[in-house]
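Heads up, the thing below is written out as structure tokens.
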Amino acid sequence: MSRYVPPVQGKASQLFDVIVLVVMTLGALFVPLKMGLSGAAKTVAAPMENPTWEMLGQSPAQASAYEALGYTPESAHDLILARFDYSFTIGGLITMIVVILLYYVLMLKFSGTEYREVIAEKFDRR
């Protein structure tokens, strides 16, 4: 049996692959933000009138850190009291599971031939 020789990829193809991967990575990071599916919290737990650092539950050290960043109790109110929404839909969860499983199956299918050739090269010499 002949030794496995991996396919040779040209420089232009490598550059194209890198560009596609960068675009896909940035898309995976920023598309959910643009669609409002992730990111900062959307709701403030308990709005209050004339908040103070004590009413917001901040220690003197925390209050001084916020003040060093230019925040006042009024401007930090929404930042401190905002809560993340961890709700999800069953449909979204099932869709994500199906997408991950399809990706896994496709990766095994597309790389099956190469796996068999490498394994044959390494272990069929007996």
* **Residue check, VAL8 within 30 Å of THR113 (Cα to Cα), in a loop (DSSP other than H, G, I, E, B) and among the aliphatic types (A, V, I, L, M)** => yes
* Are there any pairs with C-beta distances below 6 angstrom linking a residue in segment 63-90 that is among the β-branched types (Val, Ile, Thr) to a residue that is surrounded by 10 or more Cβ atoms within 10 Å (Cβ to Cβ), with the two at least 6 apart or on different chains, and if so which? -> ILE80/LEU56
* Every residue from segment 36-83 that is exposed (fewer than 12 other Cβ atoms within 10 Å of the Cβ), at pLDDT below 85 and of a type in the set (A, V, I, L, M) -> LEU37, ALA40, ALA45, ALA46
* To do: Determine whether segment 40-47 contains at least one residue that is of a type in the set (Ser, Thr, Tyr) and more than 30 Å from GLU121 (Cβ to Cβ).
  => yes
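Yes/no matrix, rows are residues, columns are (1) touching a helix residue (DSSP H, G or I) at 6+ places or on another chain (Cβ under 8 Å); (2) farther than 30 Å from PRO7 by Cα; (3) in a helix (DSSP H, G or I):
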{"residue": "THR25", "(1), (2), (3)": "no, no, yes"}
{"residue": "THR52", "(1), (2), (3)": "yes, yes, no"}
{"residue": "HIS77", "(1), (2), (3)": "no, yes, yes"}
{"residue": "MET107", "(1), (2), (3)": "no, no, yes"}
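The values are calculated or read from the model by the stated rules, or taken from the named source; none is laboratory data. This is a predicted model, so every value here is computed, not measured. All Cβ positions, even for glycine, are placed from backbone atoms using ideal geometry, and neighbour counts span all protein chains on display.
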